[in-house]
Amino acid sequence: MKNREDKILLGHGSGGRMMHDLIEGLFLKHFSNNILNEQTDAAILNVGSSEIAFTTDSFVIDPLFFPGGNIGKLAVCGTVNDLAVSGAEPLYISVSMIIEEGFPMKDLEIIVESLAAEAKKAGVLIVTGDTKVVNKGKCDKLFINTAGIGRVRKEDRQVSKALDIQVGDVIIVNGTIGDHGMAVMNARESFNFKTTVESDCASLNQLIREVLDQSSVKFMRDPTRGGVATVLNELVEKRQLGIEIDESNLPVISGVKAMCELLGFDPLHIANEGKVLIVASEKDGNKILEILKNNELGRQSAIIGRVVNDHPGKVVLKNETGGRRIVDSLSGDQLPRIC
Amino acid sequence: MKYVDEYRKKDLILSVSEKLKSISKKEIVLMEVCGGHTMAIHRFGLHSLLPSNIKLISGPGCPVCVSSQHFIDTAMAYSKVPGVIITTYGDLIRVPGSTTSLEKERANGSDVRIIYSVLDALEIAKKNPEKSVVFLGIGFETTAPLTAAAILQAKKENIPNFYVLSAHKVMPPVMKALVNEGVKIDGFIAPGHVSAITGTAIYDDLATVCGLGVVVSGFEPVDMMQSVLMLTEQLESGTPKVEVQYQRVVQHDGNKIAQQILEEVFELRDDQWRGLGTIPESGLRIRENLSAFDAEKHFKVEVPESTEPKGCICGQILRGLKTPVDCRLFARKCTPSDPVGACMVSGEGTCATYYKYRT
């Protein structure tokens, strides 16, 4: 396999280059089949005469409660969004819990209530589940796995495959980036930044449905771990096309910008949980922008970049002062700088 | 964002660029000592705004990059001692030692924790009285006062299980060493945060004895361009001196309280620098009366002889003699996700910066 490590490092789970190598070099090597090899957020399956999307995701977030949400809300949004960006209408989800002995019942209740509330909001039913309790110290408080299935309309089944990307296509995001990662980091570490940054954690299926019903989308994906940078790099990898992002158009709230400046992070690498990246022709892009801006979850949408002929396979950011830099996938974990 | 946006204004940057082009005649080489400066230059594309006769070279001012292989290997040896918790600023955990890295040792079961302030290490020590907490102290006059303050705090609160492995260094000796070695430098862009602590007198020798220009600079593009302009004016008029561009932060005398704390806790020692060898009186050792907090005095570990990675030219890059693109490992065998040398690990390392901005 590509990865030369003999043990799993934390970076293997960070959504960046190391995880990519692990998936390519180990999982795909052994699991390979036509459906999995598509490597989309959800598998598209033919069942009888209809097509369904199927996906799964595990949630191990620490802390369990953070500004803007908790692990329960996140567990629904994550799976719903994976289905939605695959062009599917999410219908049913499962919820499995691995709970550490001694976990407060009161906290579990709050989390379960959030799961139920978010499922209702997203219009999905929780139809099956599993419960395991492990000895104290054998897992960290609570881990949740959700899986989901959704119905795929024929006309939407290509949106996760990026089949027709062309020079001049625009890249749109439905609002500010980096909010989730920075909100969680601020809640977890002892920075005590006085900031109002909240996770953007939200189910996007209704927003995405509006977009798909009224316009033509070439590709969409939710930029979770590894951030916007990782999704865009995966998009142009192995293609004779590049992407140019314009820094002045990137929506980043000042709290996130300030935390990133202080810690040496790049907002493009920070996780989001209520964002979708959409690629469309310029004409459709403007229409999509209008649709997004009319929705509560897309008020601050922006066209952040374009597909270009230059630097094939690479994502390049142009800043306001004329500088240009390569935006790589995240390598391992982001590390704060020290001086 | 206040205090940032106004120093990134394109018009201002371009007007300084125009002025530079109008006054610059001589071929000059300026060294930006600090990794933060290297990053800013590349991030904002400042090379393209300078006249072709002004060359900027990167210097040895990234703490992670200049920490010696022996220091990394010692930290690794401590991490294997039962009951030890290693606390460190993030970048260091990925620096390859002679045989392994702290990141890999953590996967092997060592307790290695990333912290954001040395005071977090003190808290960890208080919460884990049965463990020994070692803080890996790296950085220049910028981070050293914080380490010093933590040691004084540990003494005051009587925290017996807190130790520091000090690789702290001071800036002026290495700058002089480069000049004495014959590296062609006409002036230094000096790190503003160092002088915020030390003041500016530390560079007087470089101007008066060595005849070099020194401008203490901030880290935003307008700061950097203005600093290059100030150095160019000095060098064109033949009047090298120490000047402060970063006046919103740096005062001539620096921060007296921080200086006193530094003096109270540390003394100078000869110290090893990656790729530069041992430089006299360039490192900070914990004073004898505080040796209870000195990891080197407390732990007796076998540290195998350190080996520098084969083919890596970090040393020459840190001396400004080569650039990363001269290295045959660069962007091939050595990348941020799989670094061979320390300069590829730190976000402010010269190699990592060149890698990121290699358009």
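The values are calculated or read from the model by the stated rules, or taken from the named source; none is laboratory data. This one's a predicted model, so the numbers in the text were calculated from it and none came from an experiment. Cβ: placed from backbone, ideal geometry, glycine included. Neighbour counts: every protein chain shown. Ligands, DNA and RNA are stripped out before the accessible areas are found, and what is left, the full protein with its side chains, is counted by its heavy atoms. Shrake-Rupley method; radii C 1.70, N 1.55, O 1.52, S 1.80 Å.
Neighbours of B:Pro304 by Cβ distance under 14 Å: Lys/Arg scored +1, Asp/Glu scored -1, total -3. Taking amide H atoms as placed 1.01 Å from N in the peptide plane, the amide H of A:Phe59 lies under 5 Å from those of A:Ile144, A:Asn145, A:Thr146, each 5 or more residues away in sequence or on another chain. Dipole of the stretch A:1-96 computed with +1 at Lys/Arg Cβ and -1 at Asp/Glu Cβ about the Cα centre; of A:Ile23, A:Ser49, A:Ile35, farthest Cα towards the positive end is A:Ile23. Calculated mean residue ellipticity at 222 nm for chain B: -10500 deg cm²/dmol, from DSSP H runs with n ≥ 4 weighted as -39500 (n - 2.57), summed, divided by the residue count and rounded to 500. Accessible surface computed residue by residue for chain A, with neighbouring protein chains in place and a 1.4 Å probe, gives 44 Å² per residue. With 20 Å² as the minimum drop in accessible area between chain alone and full protein complex (1.4 Å probe), the qualifying residues in the stretch B:46-81 are B:Pro63.
The residues of the stretch B:314-356 have, on average, 36 Å² of accessible surface per residue, using a 1.4 Å probe with all protein chains present.
By the Cα gyration tensor, the protein assembly as shown has an equivalent ellipsoid whose semi-axes, rounded to whole angstrom, run 45, 32, 22 from largest to smallest.
Residues of the stretch A:290-326 buried by at least 30 Å² of accessible area upon assembly of all protein chains, compared with the chain on its own (1.4 Å probe): A:Asn319, A:Glu320, A:Thr321, A:Arg324, A:Arg325, A:Ile326. Rolling a 1.4 angstrom probe over the protein heavy atoms with all chains in place gives the stretch B:1-296 an accessible area of 38 Å² per residue. Within the stretch A:170-326, the proportion of C-alpha pairs whose separation exceeds 18 Å stands at 57%.
Only one residue of B:Thr353, B:Ile86, B:Gly315 has its Cα farthest out toward the positive end of the dipole of chain B, where Lys and Arg carry +1 and Asp and Glu -1 on Cβ, and that residue is B:Thr353. Here, the stretch B:1-84 has an Rg and a Dmax of 19.5, 64 Å when only alpha carbons are counted. The order of the peptides B:90-97, B:293-300, A:74-81, B:167-174 by mean Cβ neighbours within 10 Å, most packed first, is A:74-81, B:90-97, B:167-174, B:293-300. Considering all C-alpha pairs of chain B, those separated by over 27 Å amount to 47%.
Could you list log10 I(q)/I(0) for the stretch A:40-156 at q = 0.17 Å⁻¹, which the Debye formula gives when each Cα is one point scatterer? Debye curve over Cα of the stretch A:40-156, log10 I(q)/I(0) at q = 0.17 Å⁻¹: -0.79. Residue by residue, the stretch A:141-153 carries 3J(HN,Hα) couplings of 6, 7, 10, 10, 10, 10, 10, x, 10, x, 8, 10, 7 Hz when phi is fed to the Karplus relation 6.51 cos²θ - 1.76 cosθ + 1.60 (θ = phi - 60°); x denotes Gly or Pro. Each Lys or Arg adds one and each Asp or Glu subtracts one; over the other residues with Cβ under 9 Å from the Cβ of A:Leu83, this totals -3. Taking all C-alpha pairs of the stretch A:182-259, those more than 16 Å from each other amount to 68 percent. Of the three principal axes defined by the Cα atoms of the stretch A:119-165, the extents in descending order read 51, 26, 17 Å. Of A:Lys314/B:Lys356; B:Lys10/B:Lys322; B:Lys126/B:Lys300; B:Lys80/B:Lys131; A:Lys7/A:Lys238, which ones are farther than 21 Å apart at the Cα? In this structure, B:Lys10/B:Lys322; B:Lys126/B:Lys300; A:Lys7/A:Lys238 lie more than 21 Å apart at Cα.
Carbon-plus-sulfur accessible fraction, the protein assembly as shown (probe radius 1.4 Å, protein heavy atoms only): 50%. Sequence-ordered 3J(HN,Hα) estimates for the stretch A:225-236 from the Karplus curve with 6.51, -1.76 and 1.60 and θ = phi - 60° stand at 4, x, x, 4, 4, 5, 4, 5, 5, 5, 5, 9 Hz, glycine and proline given as x.
Within the shell defined by Cβ-Cβ distances under 12 Å, the residues around B:Lys176 carry a net charge of -4, with Lys and Arg each +1 and Asp and Glu each -1.
Taking 19 Å as the straight-line reach from the Cα of B:Lys256, the aspartates and glutamates in range (excluding those fewer than 8 positions away in the same chain) are B:Glu141, B:Asp204, B:Glu264, B:Glu267.
Pairing chain B with chain A buries about 3200 Å² of accessible area. This figure sums both sides and uses a 1.4 Å probe.
Residues whose amide H falls under 5 Å from that of A:Val133, counting only those 5 or more places apart or on a different chain, are A:Ile99, with hydrogens built in the peptide plane.
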